[in-house]
Amino acid sequence: MPTMTLIQAINTALDEEMKRDERVMLLGEDVGKRGGVFLATEGLQQKYGPDRVMDTPLSEAAIIGAAVGLAAHGMRPVAEIQFADYVFPGIDQLFSQAAKLRYRSGGQFSAPMVVRMPTGGGVKGGHHHSQSPEAHFAHTAGLKVIVVSTPYDAKGLLKAAIRNDDPVVFMEPKRLYRAVKEEVPADDFLLPIGKAAVRREGRDITLVSYGGPMVETLKAAEEMVAAGLDPEVIDLRTVMPWDKETVLASVAKTGRLLMISEAPRTASIASEVTATVSEELFDQLLAPPLRVTGFDTPYPLAQDKLYMPTVTRILAAAKRLLDY
Amino acid sequence: MVQEKVRFQPFSSEPIRLVDEQGHWVAPFEHGLPPELLQRFYRDMLAARLLDEKLVILIRTGKTSFIAPHAGHEAAQVGIAHALRKGHDWLFPYYRDMGLVLALGVPLVEIFGQTLGNAADPAKGRQMPSHPGSKALNVFTVCSAIASHIPPATGAALSMKLRRTGQVAVCTFGDGATSEGDWHAGINFAAVGRAPAVFVCENNRYAISVNISKQTASENIAIKAQAYGMPGYYVDGLDVLASYFVMQEAIERARAGQGPSLVELVVHRFGAHSSADDDSRYRSREELAAERQQDPLLRYQRFLEQQGLWDAQWANELRLEISKALEAALQEALQAGEPDPLEMFDDVYAARPWHLEEQRRLVAEELQS
């Protein structure tokens, strides 16, 4: 079984899907000759030609909007947005067209497409290269939203997203592109969209996270284990629709929920998960669910590491829960 | 085919016009069209006008919540519809295109169903009136967000090119749309990708109340095509034959792999922007009265008279026949009833996720109580 980084897993998934289905095509800025600024599409234009790996004008509205029309006409486009922060000029296309096409046409038309984007901080990218806008997408009916944290998930979920009949926003924490490596099966496999992964089973407290902060969440869990505690760790993987069943089953067992995300706190995925757990498990909770999140500020370059959930903040919140 | 012999001049300083106000054929070539087709244009323009009048009655009698009148656009819309290969090419219309989708063959029952937002609407009553769509006829569903359908039209056209289907994507919009970023993004990408697309501005010179002078400092809309590297045709959209021939040339040019074009059809908007608008606040009755003197139906009637293809009795019979069809379709649509309320939760995704199942169950219980 080959060992891959997250970016290699993405490249492999795209390659396999393009080989499997000639309707699958890639479009975006620099995806062709350059192979993408992070090299996610490296070598694919040479293999599949400029029609199927299409360098586009520098316009997110054109990229996402054209993907809608390509998909509605029968292609399976995978659009690359160079940084999640740059999606906003294309938001009208994502929200008004991609997300709503099936609904507003009464099921007559649909846009089975994927919009890939590097997300999150931790690479000294500054304000407009570090944001985590997943809540905007999750709040928009009609979009599915995936945020991966491992190479194995990246391959299995990206392939599933390409074959999915709905528009999927596929978010890739850029700080993990080359920071994590693991064995990824060379064969064709899919992971279910909407299904979380239990990274560690435990009985004392449930830590739920996704994407970049899975790194800090797992580190915090290790420290808790070293201190004699038994945390359960869940990686949501899909934030819309998120896996309520797995989270509720875990919190019903542990009685404590700590939700960790690097996106701004207010009106976030973390808010949604903690609110749902409060609504549904109120009488089984041993402490009020807590959130460790990014802050309600624009993303600050100088405080790159401090903005994202730190192991210290995660452990402090866990202590509050355990001492409650 | 006439368009094989005729090439229209892009970027002309005067609008391309083939029939003058008095109905005289003024082009330097023979139109070569069979009498049945010439009469069909009139029939479709009249049907579009009578549909508009019917929609006005529906809003005045409280049977619908909104309309976007299309009177004044009939020649442009019928010209576009007949230049397309129906059911083969794709149309990406905007909300003032009810006459166009009617001429393209969308059944009147569906048009009224959409207007009423009831079970006769193939889109299940999801959108406000004047937002038609038909998968069967390749009519993309209208979106309210201005110009947002332009990049998808480009994408569909790119797909047509990649898959070598021989289709063309025709995309219509008003003059206001040309101010939106999506317009520039979509048209630029289409030109770069040599997509088989035709972008058509039905320019009535008003975006709700805002005059064209606030929309663009360009001499006209067609000239903008120059910047994108495609031909731009400036056309009298009150002349159905000019609209038809120029559209046909642009569509066949796209079909032949020569890339997209921009066609500006200058029209009048005889009504207000919509039923929620009072146009007396921003334009004079004199201006409107002068525009009404240039009714596209009247001009085309004069042309047909000179061809020996129009008389009052024929026109009256036609009017009666169309009115009956309109009324019958309206009655059928009115009887369709409301859409199933639980359909609200369908079509958000290909399959309902758990959270929509939960919300659907809540409403189902409420409806049963």
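The values are calculated or read from the model by the stated rules, or taken from the named source; none is laboratory data. None of the values given here were measured: they were computed from a predicted structure. We place every Cβ from the backbone using ideal geometry, glycine too, and count neighbours over all the protein chains shown. These area figures cover heavy atoms from the full protein model, side chains too; ligands, DNA and RNA do not enter into them. Shrake-Rupley method; radii C 1.70, N 1.55, O 1.52, S 1.80 Å.
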Notebook entry, point to check: Within region B:220-231, how many residues turn out to be out of contact with any Pro (no Cβ under 9 Å at 6 or more places or on another chain) and free of Cβ contacts under 8 Å to residues at least 60 places away in the same chain?
Noted result: 4
Notebook entry, point to check: So which of A:F38, A:F83 ends up being touching a His at 6+ places or on another chain (Cβ under 7 Å), touching a residue at least 40 places away in the same chain (Cβ under 8 Å), open to solvent by 10 Å² or more (accessible area, probe 1.4 Å) and within 26 Å of A:Y152 (Cα to Cα)?
Noted result: A:F83
Next item on the list: Take A:L257 and decide whether it is touching a helix residue (DSSP H, G or I) at 6+ places or on another chain (Cβ under 6 Å) and open to solvent by less than 50 Å² (accessible area, probe 1.4 Å).
Entry: yes
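Scan region A:223-232 and give yes if some residue there is surrounded by fewer than 19 Cβ atoms within 10 Å (Cβ to Cβ), of a type outside the set (A, V, I, L, M) and assigned to a helix (DSSP H, G or I), otherwise no. Lay out the reasoning, then the answer.
If we filter region A:223-232 for residues that are surrounded by fewer than 19 Cβ atoms within 10 Å (Cβ to Cβ), which is where we start, we get A:223, A:225-230.
Now drop any that are not of a type outside the set (A, V, I, L, M), which leaves A:223, A:228, A:230.
Pick out the ones that are also assigned to a helix (DSSP H, G or I) and you get A:223.
Yes: one or more hits.
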Notebook entry, point to check: If you take the residues in region A:241-261 that are over 15 Å from A:L281 (Cβ atoms) and touching an Asp or Glu at 6+ places or on another chain (Cβ under 8 Å), which one is farthest from the other protein chains (Cβ to nearest Cβ)?
Noted result: A:I260
Note to self: Among the numbered criteria (1) modelled with pLDDT of 95 or more; (2) assigned to a helix (DSSP H, G or I); (3) open to solvent by 50 Å² or more (accessible area, probe 1.4 Å), which one does B:E287 miss?
What the structure shows: (1)
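Here's the yes/no breakdown for (1) part of a loop (DSSP other than H, G, I, E, B); (2) in contact with a Leu (Cβ under 6 Å, 6 or more places away or on another chain); (3) of a type in the set (S, T, N, Q); (4) closer than 21 Å to B:A169 by Cβ:
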| site | (1), (2), (3), (4) |
| --- | --- |
| B:S213 | no, no, yes, no |
| B:Y244 | no, no, no, yes |
| B:L297 | no, no, no, no |
| B:Q313 | no, no, yes, no |
Check: Of these, B:A123, B:A119, which one is within 11 Å of chain A (Cβ to nearest Cβ), open to solvent by less than 40 Å² (accessible area, probe 1.4 Å), under 15 Å from B:E338 (Cβ atoms) and aliphatic (A, V, I, L, M)?
Finding: B:A123
Note to self: Among the residues of region B:154-176, are any facing another protein chain (nearest Cβ under 8 Å), without any contact (Cβ under 8 Å) to a residue 12 or more places away in the chain and part of a loop (DSSP other than H, G, I, E, B)?
What the structure shows: yes
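Quick check on region A:91-128: of everything there that is in a helix (DSSP H, G or I) and more than 20 Å from B:P152 (Cα to Cα), which residue is nearest to the other protein chains (Cβ to nearest Cβ)?
If we take residues in region A:91-128 being in a helix (DSSP H, G or I) and more than 20 Å from B:P152 (Cα to Cα), then A:H128 is nearest to the other protein chains (Cβ to nearest Cβ).
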Margin query: Return the residues of region B:156-182 that are within 20 Å of the chain's Cα centre (by Cα), surrounded by 24 or more Cβ atoms within 10 Å (Cβ to Cβ) and within 24 Å of A:M25 (Cβ to Cβ); say none if nothing qualifies.
Written below: B:A156, B:A157, B:V168, B:A169, B:V170, B:C171, B:D182
Next item on the list: Kindly indicate whether any position in region B:206-214 is at the interface with chain A (Cβ under 8 Å from one of its Cβ atoms) and open to solvent by 40 Å² or more (accessible area, probe 1.4 Å).
Entry: no
Notebook entry, point to check: Hey, does region A:154-177 have a residue that's touching a strand residue (DSSP E or B) at 6+ places or on another chain (Cβ under 9 Å), in a loop (DSSP other than H, G, I, E, B) and within 30 Å of A:E222 (Cα to Cα)?
Noted result: yes
Item checked: One residue from A:S250, A:S261 being hydroxyl-bearing (S, T, Y) and assigned to a helix (DSSP H, G or I) -> A:S250
Notebook entry, point to check: So how many residues does region A:136-191 have that are open to solvent by less than 10 Å² (accessible area, probe 1.4 Å), β-branched (V, I, T) and under 18 Å from A:Y210 (Cα atoms)?
Noted result: 6
Note to self: I'm trying to understand the selection: among the residues of region A:41-90, which are of a type in the set (A, V, I, L, M), more than 15 Å from B:G193 (Cα to Cα) and more than 8 Å from every other protein chain (Cβ to nearest Cβ)?
What the structure shows: A:L44, A:V78, A:A79, A:I81, A:A84, A:V87
Check: Is there a residue in region B:263-272 that is modelled with pLDDT of 95 or more, within 14 Å of another protein chain (Cβ to nearest Cβ) and open to solvent by 30 Å² or more (accessible area, probe 1.4 Å)?
Finding: no
Item checked: Scope region A:192-222; condition surrounded by 19 or more Cβ atoms within 10 Å (Cβ to Cβ) and over 30 Å from A:L286 (Cβ atoms); matching residues -> A:I193
Margin query: I'm trying to understand the selection: among the residues of region B:337-369, which are among the hydroxyl-bearing types (S, T, Y) and either in contact with a Cys (Cβ under 9 Å, 6 or more places away or on another chain) or surrounded by 12 or more Cβ atoms within 10 Å (Cβ to Cβ) (or both)?
Written below: B:Y349
Notebook entry, point to check: Considering A:A67, A:A71, A:A9, which residue is in contact (Cβ under 8 Å) with a residue 60 or more places away in the chain and under 21 Å from the mean Cα position of the chain (by Cα)?
Noted result: A:A9
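Please give the helices (runs of 4 or more DSSP H) falling wholly within region B:1-106 in which 3 or more residues are of a type in the set (A, V, I, L, M).
Values: elements: B:2-5, B:35-60, B:74-83, B:98-104.
Of the helices (runs of 4 or more DSSP H) lying wholly inside region B:1-106, those with at least 3 residues that are of a type in the set (A, V, I, L, M) span B:35-60, B:74-83, B:98-104.
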Margin query: Going residue by residue through region B:343-360, is there one that turns out to be among the small types (G, A, S) and within 13 Å of chain A (Cβ to nearest Cβ)?
Written below: yes
Item checked: Single unsatisfied condition, B:V106 versus (1) farther than 23 Å from B:E338 by Cα; (2) within 14 Å of chain A (Cβ to nearest Cβ); (3) in contact with a strand residue (DSSP E or B) (Cβ under 6 Å, 6 or more places away or on another chain) -> (1)
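In the list A:L6, A:L58, A:L70, which residue meets the criterion of being open to solvent by less than 50 Å² (accessible area, probe 1.4 Å) and under 19 Å from B:A185 (Cα atoms)?
Working: A:L6 fails: under 19 Å from B:A185 (Cα atoms); A:L58 fails: open to solvent by less than 50 Å² (accessible area, probe 1.4 Å).
Of the residues listed, the single one that is open to solvent by less than 50 Å² (accessible area, probe 1.4 Å) and under 19 Å from B:A185 (Cα atoms) is A:L70.
Have a look at A:R320, A:R291 and point out the one that is free of Cβ contacts under 8 Å to residues at least 60 places away in the same chain, loosely packed, with under 15 Cβ neighbours inside 10 Å and of a type in the set (K, R).
Details: A:R291 fails: loosely packed, with under 15 Cβ neighbours inside 10 Å.
When all the criteria are applied, what remains is A:R320.
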Notebook entry, point to check: So which residues in region A:158-200 are touching an Asp or Glu at 6+ places or on another chain (Cβ under 7 Å), away from chain B (no Cβ under 14 Å) and of a type in the set (D, E, K, R), if there are any at all?
Noted result: A:K159, A:D188, A:R199, A:R200
